[in-house]
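The values are calculated or read from the model by the stated rules, or taken from the named source; none is laboratory data. Values in this document were obtained by computation on a predicted structure and should not be read as measured data. Every residue, glycine among them, receives a Cβ derived from its backbone with ideal geometry; neighbour counts consider all protein chains shown.
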Amino acid sequence: MRSLFYVALLFCVPIWSAPIPADKAKPAVYGTGSYVGVRAKHLGEGKDSKNANIHPAVVVAGPNAQNKYQVATISKKLPHNPPQTPLQNVHSAANIYGNIQLGGSRQVKHEHMKPWKNPQSGQTHPPVPAPDMAKLKNQMAQHAHWKPPPAAAPPQKNTGPKHTAPVASGSRPVQKAARPASPKPPARPASPRPPQKARAQSPAPRRK
């Protein structure tokens, strides 16, 4: 009985240690021209954790020492209106519709990327061919100087002392009219005192 148990255990080991299918696992390295999906918050379009929009992008270069890739975002409305061109001008066989960003490419970590798949077929989108990729890099090099506009600083409350308007030389500052004093009520007349009774004087003593 024990021997049968160990034999069954040997047959189960390969099943338990079977690797994850390749189509469900992320590639260890994304090649240049690969189509990937990246969330908007990892592209610098918003730091809100609720922003779950995923944009397609093309890998332009990488990875670097921090395991980051340079990607060009694809969207129908790119933020800050950067230099852009329709994706079909770069890759005519692409079934993704939108403009690809030529200026201000992004750096994205490997863990924040996943292969872009066709929504209808579920198949991974084929990469950009090498000749088309070289054309894209040349166009991006022409707009390498472009940067998005700086974010507007929030208005600050003025907590300092109030400043009065400067007075022109030779003119007197306008003074506010004095407020007229309220009239005092009339004095209350004093009540008359009651007449006092005269005291009777005792007659002086006679001299003998």
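Here are G62, G104, G122, G170: which of them is of a type outside the set (K, R), on the phi > 0 side of the Ramachandran plot and modelled with pLDDT of 90 or more?
Only one candidate qualifies: G62.
Are any residues in the range 79-103 surrounded by 20 or more Cβ atoms within 10 Å (Cβ to Cβ) and assigned to a loop (DSSP other than H, G, I, E, B), and if so, which ones?
H91, A94, L102
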